[in-house]
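> Dropping the structure in here first, questions after.
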Amino acid sequence: MVKVEFLGPIAREPMEVEAESLAELSKRLYDEETIRPWLQKCAVAINDVMVKDPNHPLKEGDRVSILPPVCGG
Amino acid sequence: MGEMSDMELYEGPLNVKEIFGRWLDEEAESNYGAYIPFVGTIRAEDGIEALSFDIYEPILRQWFEAWQARAVERGAKVKMAHSIGDVPVHTSSYISAVFSPRRRVALELIDEFVEDFKANAPIWKYDVIDGKRIYAADRSTPMEGAGVLTGGLKREK
């Protein structure tokens, strides 16, 4: 299981998901209506490290953060 | 919160004069020839009473540390402070500064640093209108690496 947390304006509680890669997790998230509209615009961190590979492997206990578009200042 | 590093986070508006004054004192003997401060002030527009901010601190710290390293390579130093939560109009939510031996590096660095801050610092902005927080979706930018979730979907089709 990996823990997925949604940051900032994505109004959604953290969820636990069975997934062995980011691509597999993507499919699961795509099935969630409240999350789907965000997916294309979001960046991802695994255990607080930003990742760029859509097929990045996931392991038991990973914490995946979903980061929507930003605007500081 | 606060004074642990060159990046400071505060609940509510920043005490701009105190922070800039303290930064000036901290570097008084560092032999920097240029100190360029930037102040972001909340403007009254579109009926907002405040802006409000969420921050994801672990990634913000990494982003900032990467910029510190870039500044050091050029003999310079960057500092910043940002607010968390509500910040009323006509007060400040973001300040930053560059110190460098010479002005040219400082002028270039403050430009790059503030622009990249806008594009990639993990901070989310909301308008506060009638006490309600509304995500500033149209002013927000996808971070570098955004789309990694849909990239995987496309590749498998």
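Values in this text are rule-based calculations from the coordinates and carry no lab data. In this text, all values refer to a predicted model and were calculated from it rather than measured experimentally. Cβ atoms come from the backbone with ideal geometry, glycine included; neighbour counts cover every protein chain shown.
> Roughly speaking, what is the centre-to-centre gap between the range B:61-113 and the range A:28-73 when only Cα atoms are used, to the nearest Å?
The distance from the Cα centre of the range B:61-113 to that of the range A:28-73 comes to 27 Å.
> Using the basic label-point model (7 angstrom from Cα toward the beta carbon), what is the A:Gln40 to A:Met1 distance in nanometres?
3.3
> Also: In whole angstrom, note down how far apart the Cα centers of the range B:1-55 and the range B:117-150 are.
First find each Cα centre; the distance between them is then 20 Å.
> If you count, for each residue, the other Cβ atoms within 10 Å and average over each peptide, how do A:2-8, B:140-146 line up from highest to lowest?
In descending order of packing, they fall as A:2-8, B:140-146.
> Something else about it: About the Cα centre of the range B:10-111, how large is the charge dipole given +1 on each Lys and Arg Cβ and -1 on each Asp and Glu Cβ? Please answer in debye to the nearest 20.
It comes to approximately 580 debye.
> Within 10 Å of each Cβ in A:6-12, how many Cβ atoms from other chains are there, averaged over the peptide?
Other-chain Cβ atoms within 10 Å of each residue's Cβ, averaged: 4.
> Something else about it: Starting from the 7 Å offset along Cα-to-Cβ, what nm value, one decimal, do you get for the label separation of A:Glu33 and B:Asp25?
Calculated label separation equals 5.8 nm.
> I'd like the per residue volume of the convex hull spanned by the Cα atoms of the protein assembly as shown, given in cubic angstrom.
Given the Cα convex hull of the protein assembly as shown, per-residue volume reads 134 Å³.
> Give me B:Glu108, B:Glu8, A:Glu13 sorted ascending by neighbouring Cβ count inside 10 Å, so fewest comes first.
In order of increasing Cβ crowding within 10 Å: A:Glu13, B:Glu108, B:Glu8.
> Given the rule -39500 (n - 2.57) for each run of at least 4 DSSP H residues, summed and divided by the residues of the protein assembly as shown, what is its mean residue ellipticity at 222 nm, to the nearest 500 deg cm²/dmol?
After summing the helix terms and dividing by the residues of the protein assembly as shown, the value is -9000 deg cm²/dmol.
> Separate question: Determine the shielding of peptide A:44-55 by partner chains: average, over its residues, the number of Cβ atoms on other chains within 10 angstrom of each Cβ.
That works out to 5 on average.
> Among B:Lys79/B:Lys132; A:Lys41/B:Lys118; A:Lys3/A:Lys52; A:Lys27/B:Lys118; A:Lys27/B:Lys132; A:Lys59/B:Lys118, which pairs are too far apart, with a Cα-Cα distance over 24 Å?
B:Lys79/B:Lys132; A:Lys27/B:Lys118; A:Lys27/B:Lys132; A:Lys59/B:Lys118
> Once the piece of chain linking B:Lys132 and B:Thr41 is laid out straight, how much longer is it, given 0.36 nm per residue of separation minus the C-alpha distance between them?
30.7 nm
> Going through the DSSP H helices of chain B, which span 27 Å or more along their own axis at the Cα atoms while scoring at least 0.0 as a mean Kyte-Doolittle hydropathy?
What comes out of the filter, once short or polar helices are dropped, is none.
> Can you tell me the dipole magnitude for the protein assembly as shown around its Cα centre, using point charges on the Cβ only (Lys, Arg +1; Asp, Glu -1), in Debye to the nearest 20?
660
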